[in-house]
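Following: one structure in structure tokens, then a few remarks.
The values are calculated or read from the model by the stated rules, or taken from the named source; none is laboratory data. The shown structure was predicted, so the numbers you read here are calculated from the model rather than taken from an experiment. With ideal geometry, Cβ positions are generated from the backbone for all residues, glycine too; neighbour counts draw on all protein chains shown.
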4 protein chains.
Amino acid sequence: MKKKVAIVGATGIAGQQFIPALQDHPWYEITGLAASARNAGKTYAKALRDEKTGALRWWCEGFPSTELQGMTVQLADDLDASQYDVVFTAIDTEPARELEPKYAQTTPVISTVSAFRMEPDVPMLIPGVNSDHLKLLDAQRANRGWKGFVTPIPNCTTCGLAITLAPLHRAFGLDKVIMTSMQAISGAGRSPGVLALDIIDNVIPFISGEEEKVQRETQKLLGTLGNGSVVPADFAVSCTCTRVAVLDGHTETVVVSTKEPCNVEQAAAAMRAFGKEIAKLPSGPEHLIHVHEDPFHPQPRVDREAGDGMTTTVGRLRPDSALGGVKYVLLSHNTKMGAAKGAVLVAELLQQNGYL
Amino acid sequence: MKKKVAIVGATGIAGQQFIPALQDHPWYEITGLAASARNAGKTYAKALRDEKTGALRWWCEGFPSTELQGMTVQLADDLDASQYDVVFTAIDTEPARELEPKYAQTTPVISTVSAFRMEPDVPMLIPGVNSDHLKLLDAQRANRGWKGFVTPIPNCTTCGLAITLAPLHRAFGLDKVIMTSMQAISGAGRSPGVLALDIIDNVIPFISGEEEKVQRETQKLLGTLGNGSVVPADFAVSCTCTRVAVLDGHTETVVVSTKEPCNVEQAAAAMRAFGKEIAKLPSGPEHLIHVHEDPFHPQPRVDREAGDGMTTTVGRLRPDSALGGVKYVLLSHNTKMGAAKGAVLVAELLQQNGYL
Amino acid sequence: MKKKVAIVGATGIAGQQFIPALQDHPWYEITGLAASARNAGKTYAKALRDEKTGALRWWCEGFPSTELQGMTVQLADDLDASQYDVVFTAIDTEPARELEPKYAQTTPVISTVSAFRMEPDVPMLIPGVNSDHLKLLDAQRANRGWKGFVTPIPNCTTCGLAITLAPLHRAFGLDKVIMTSMQAISGAGRSPGVLALDIIDNVIPFISGEEEKVQRETQKLLGTLGNGSVVPADFAVSCTCTRVAVLDGHTETVVVSTKEPCNVEQAAAAMRAFGKEIAKLPSGPEHLIHVHEDPFHPQPRVDREAGDGMTTTVGRLRPDSALGGVKYVLLSHNTKMGAAKGAVLVAELLQQNGYL
Amino acid sequence: MKKKVAIVGATGIAGQQFIPALQDHPWYEITGLAASARNAGKTYAKALRDEKTGALRWWCEGFPSTELQGMTVQLADDLDASQYDVVFTAIDTEPARELEPKYAQTTPVISTVSAFRMEPDVPMLIPGVNSDHLKLLDAQRANRGWKGFVTPIPNCTTCGLAITLAPLHRAFGLDKVIMTSMQAISGAGRSPGVLALDIIDNVIPFISGEEEKVQRETQKLLGTLGNGSVVPADFAVSCTCTRVAVLDGHTETVVVSTKEPCNVEQAAAAMRAFGKEIAKLPSGPEHLIHVHEDPFHPQPRVDREAGDGMTTTVGRLRPDSALGGVKYVLLSHNTKMGAAKGAVLVAELLQQNGYL
């Protein structure tokens, strides 16, 4: 018997990405779709059509099954979460602040939204990286008196960074991290998204709020589970986040120094050995991190689909002459591992551990 | 009376860029054009046409004057440098090793080529940054018994980095520098250049040899003039050089720590005050560095033509939480300040100082 | 004494384009700026800043003069048109339907908007192409009892097509015209404009309403002046309008058949001889049409600035084996000749003829 | 027992595309790889590495199996074709003129090269479009005394045009065809291919020789089988071929007039019903032509993988006001149906008909 799943925000681009991530899933069945008033009450097929122009507003791989197309989209405000085993949310921050706690009274909520990421009793999970943080859900339930819980995934730019830092932090202890991102335009979504006039033949050197998010989320993700909260890791993180003319896949250049000495071979070995346990989960990749030898990789267009978009590719691992540590370039699929499919992987981890 | 100028490598894209840089110059007149055997003996107009397809092979702003179009292209090997007051070279490294010393026996050679950049008695000049290094030319002439000399400009990626570091180094003493570049495709030229199949919807995270060049050239540029050579600056430089789908303009993210404390306001003030003396040179921009307040700048497509391509634009100047210094994003026009027009600026500096 | 000019819609991208077109104009002085309620009452400098992010919302060449920056933006609804010699409008169609007639009661209105293009007593002018249609303004004034008038410029995609067809129609009589456009993204503006996610590595084969506009506007533009209206030309026009990843410059492939025989040399000669009279106007290019011999041209990025964006470049003129006529590729700068600067050229023509 | 297959030109991009097309094929097994002297004698894995930089020179989906990686690349000149049941060639035209006839003495050769396309006794096959032309192979064998034969696939730009014209020609008889292509950069390959400097923010309005090829190949493809040759179809074809910044997928706008009246519904019905018989072949798509109702399609990035790259997508089918026929936009995957995978489909057709 598959678990029953609802997708809230199912008509937006972030919500749509749950469809290919869940449609043929061995453990989950989509039995609910919800959206805002504009689309509620329509069939999903109709909600995906622009009424004026007839244009299809579907932006992902594959296409919803005939069954999903015929499903009526519910109003997110009215969704009866108790009908589902898990609710995935992909909505704006403001409505999330109200709706996610409401759903969580009865049901586990896995969220792509930033609303609750930094609350003390809320774990932000990346399976294989900080799976032990899921125990914080017990505290959250106790604190809030919920049967369910809210657990958000991190920002898509944080995701690849935290995954590649984790094995170094565990083995050598991180001291300083300096990162520059070259982020894909899909990270900005479509409302309003990035205008072609602004990015063709161009780089935009600023993404409002992004650097602060990545810095504090990385520290929380790699922190240690304390008494009812996560004690953030104490290494310094300094980011510069930019946007480039790439459709999907965030590239990040990373320089790290470690507390214990760490050379290139040790770093590569630690990365290669990391996260093998999640390969057993249905959405888990064989390699959480792939360390590439060819210096011309990772390239977003060429490498983003590694592990069906769930593998973070690392390349150019080499000594760093400024901090005395190592440096590398990473690539993470921002709309797969860093979004819906990453949230599904969290569901799988929770289920494996009896939380779903 | 204008000085007589020859351009060697005049049919390639790097050589062509000297035409708009010199064509209406108040001090210089192009009286010689030279190239390899394939084009020698043709008029410049004919050399710029593909014989088979009739396609024009001109890739720069403006167009050569009628007079230049009618000028016969000489064989670079046979160029009589003594007929010119200065020779600009834009050729491959291998032929440069032979030809530049030959020309230098009689004539000052300003080179866009890397062949001699790291030789002890060869200054690599950026006017306003290390103008005092030109005295090394006296040593070079003495050492080599030349009437002329060879002085190369730095790599286009080094150029913007060194310009923005210079005021910080002077005022506060640099300790560590960590840089990531997002370089324009024009930096790779056209032989073979970057294929569209490799860069559309993509980032290439490696440019062979580039990082090492930038690291050592920066230290030499900001070094101090010793006895017959430059003593490289002793701060650490660590680079990651990438290629992005931008036509012109290298973007670089920079994190620096300094020996003396330096906050954002001090750094901005030092940059803004820097290099004013070169505004008097014909190709010198009013501002060598423009510090932008708008966090969405610099953007290569929007800001590259600042100061007619001779101003380096700095933006996002802010404190750095990892090294405790400052960080910023810079933009430098790689085919203007970082190439032909930068070489012309060197000529102007040399002339102002009696070396031409 | 320069004529006084107001720009209505001055904060949008289409309105901003009037600033570089008018700022150093020998005949006109910008003395009024107007916009909708969101920006009215602010200085122009303040209206061009995003309040939240501090980002500059200026998307054109150059920058408004200090004087213009300090000018207070008026509410378009309240603009007293009688204070100006001419009003340029760049607003949405709906408000234009109300505002343009209101302004026209006292003042000539030159519009970039489609609202009145197809009204019988409204000429749609391209100087050099159908300058004689300006006489229709007498009828318009008589009909409507206005001191001023409304005269819109055509759609930017129509513009280059009509310019290149006009000499062929005059000399040989057009029979059939088949056109495919590859339109620049700037043609869609910024509200909402074209998303990068939709156009990178892509072509969009449909622009809603565009083909019908181009077909009927071309017939009106090349029609003959009748009694109080234009009798549309009777040749057939069939268009396919697509969007490509080009910033500025609409490329169009055109196949034509003519009533009288017309070979390639005759077509080229007719195009080259065409429109010389407008070279005398301040914004008029030396060549209204440039016929390129190099088969690799026109290219939008390389050729769009020909004649400061006012020359239409034609290339690949050759016989057509299907209709027995000629075919060619044209390039027209959609945000210069096809927009604000084209409207300024209309003002110049009107002034030359005593209508301003 | 699978048939034994050799790929000649296996290290180039066009040859590499045969690997994913054949690697898991139910009927074929790759037992030979051949290339020019530069790569002959190396293992395939080694031939795919750049010796200097270590960069992988593999540009397609998937990756060669371990077995293929270990296979030694033979010298194309020395290949013993008699060891294979079929030879696929993807080499330059000049060597093809010599090698293809040599291989054909013993073995069927299916070629992606243009060398023999227009020879009278050489059929150029698109399964489903002109399958009956394969009988010309009997004449070819008789004429030339070969046990094998040479059969080339058409140019990638011809392919989608001919497929969509075929049902109209059969049902209504074509009169005139006017086509504009917006071709992907992959169509130009990598030697030298399209430079990013030439196509970003640009359109190139000319592809040397392409228009003539498409015109005459279309007439041959849709011609009728005569006595030892194909009698070309007599409708007129007029093309304008351009290059746009798209990675894969040729978009073409098409205007047709027919001898018998043909309205939009009839045209759509004819296209939809067409080519069903090839769905049974292993590489045959379920729909040879998909007629899209959404006016914003076909889009190359979104629709190119339809039918695993073997379906031609048609959209915007509507009446044409100039010729009185219909017009539409088509999209064909130039490196799948228009290249290696299309050649494999030809092999399947030939085998089904006893020619392999």
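Values computed for the structure shown
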item	result
Residue within segment A:317-333 that is more than 14 Å from chain B (Cβ to nearest Cβ), assigned to a loop (DSSP other than H, G, I, E, B) and not basic (Lys, Arg) present	no
Subset tally (residues that are under 30 Å from B:MET271 (Cβ atoms) and surrounded by fewer than 24 Cβ atoms within 10 Å (Cβ to Cβ)) for segment B:137-154	1
Of residues in segment A:150-181 being of a type in the set (Gly, Ala, Ser) and under 20 Å from the mean Cα position of the chain (by Cα), the one nearest to B:LEU330 (Cα to Cα)	A:SER181
Residue in segment A:53-68 that is among the aliphatic types (A, V, I, L, M) and within 14 Å of chain D (Cβ to nearest Cβ) present	yes
Subset of segment C:33-45 that is hydroxyl-bearing (Ser, Thr, Tyr) and not in a strand (DSSP E or B) - its residue that is surrounded by the fewest Cβ atoms within 10 Å (Cβ to Cβ)	C:SER36
Segment D:1-23 - residue that is under 18 Å from D:TYR84 (Cα atoms) and assigned to a loop (DSSP other than H, G, I, E, B) and, of those, modelled with the lowest pLDDT	D:MET1
Residue in segment A:269-280 that is among the basic types (Lys, Arg), out of contact with any His (no Cβ under 9 Å at 6 or more places or on another chain) and closer than 20 Å to A:ASN334 by Cβ present	no
Unique match (being surrounded by 16 or more Cβ atoms within 10 Å (Cβ to Cβ) and touching a residue at least 60 places away in the same chain (Cβ under 8 Å)) among C:VAL291, C:VAL302, C:VAL255	C:VAL255
Answer residue from segment A:293-316, given it is part of a helix (DSSP H, G or I) and closer than 17 Å to B:VAL244 by Cα and is farthest from the other protein chains (Cβ to nearest Cβ) among those	A:ASP303
B:ALA139 being assigned by TED's automatic domain parsing to the domain that holds B:ALA47, within 22 Å of the chain's Cα centre (by Cα) and among the hydrophobic types (A, V, I, L, M, F, W, C)	no
Flag if B:SER131 is among the hydroxyl-bearing types (Ser, Thr, Tyr) and over 26 Å from B:GLY209 (Cα atoms)	yes
Filter result for D:SER82 (at pLDDT 95 or above, of a type in the set (Gly, Ala, Ser) and out of contact with any strand residue (DSSP E or B) (no Cβ under 6 Å at 6 or more places or on another chain))	yes
Residue identified as surrounded by 22 or more Cβ atoms within 10 Å (Cβ to Cβ), β-branched (Val, Ile, Thr) and assigned to a loop (DSSP other than H, G, I, E, B) among D:ILE91, D:ILE30	D:ILE91
Long-range neighbours under 8 Å by Cβ, at least six apart or interchain, first residue in the same structural domain as D:GLN17 (by TED's automatic domain parsing) within segment D:54-74, second acidic (Asp, Glu) and surrounded by 15 or more Cβ atoms within 10 Å (Cβ to Cβ)	D:GLY54/A:ASP294; D:ALA55/A:ASP294; D:LEU56/A:ASP294
Total residues in segment A:99-117, condition buried (at least 24 other Cβ atoms within 10 Å of the Cβ), outside any loop (DSSP other than H, G, I, E, B) and free of Cβ contacts under 8 Å to residues at least 60 places away in the same chain	2
Pairs, first small (Gly, Ala, Ser) in segment C:196-207, second part of a helix (DSSP H, G or I), C-beta under 7 Å, six or more apart	C:ALA196/A:ILE185; C:ALA196/A:ALA196; C:ALA196/A:ILE199
Some residue of segment A:118-128 being in a helix (DSSP H, G or I), hydrophobic (A, V, I, L, M, F, W, C), surrounded by fewer than 23 Cβ atoms within 10 Å (Cβ to Cβ) and touching a residue at least 12 places away in the same chain (Cβ under 8 Å)	no
Which numbered condition D:SER283 fails, given (1) surrounded by 24 or more Cβ atoms within 10 Å (Cβ to Cβ); (2) modelled with pLDDT under 95; (3) among the small types (Gly, Ala, Ser)	(2)
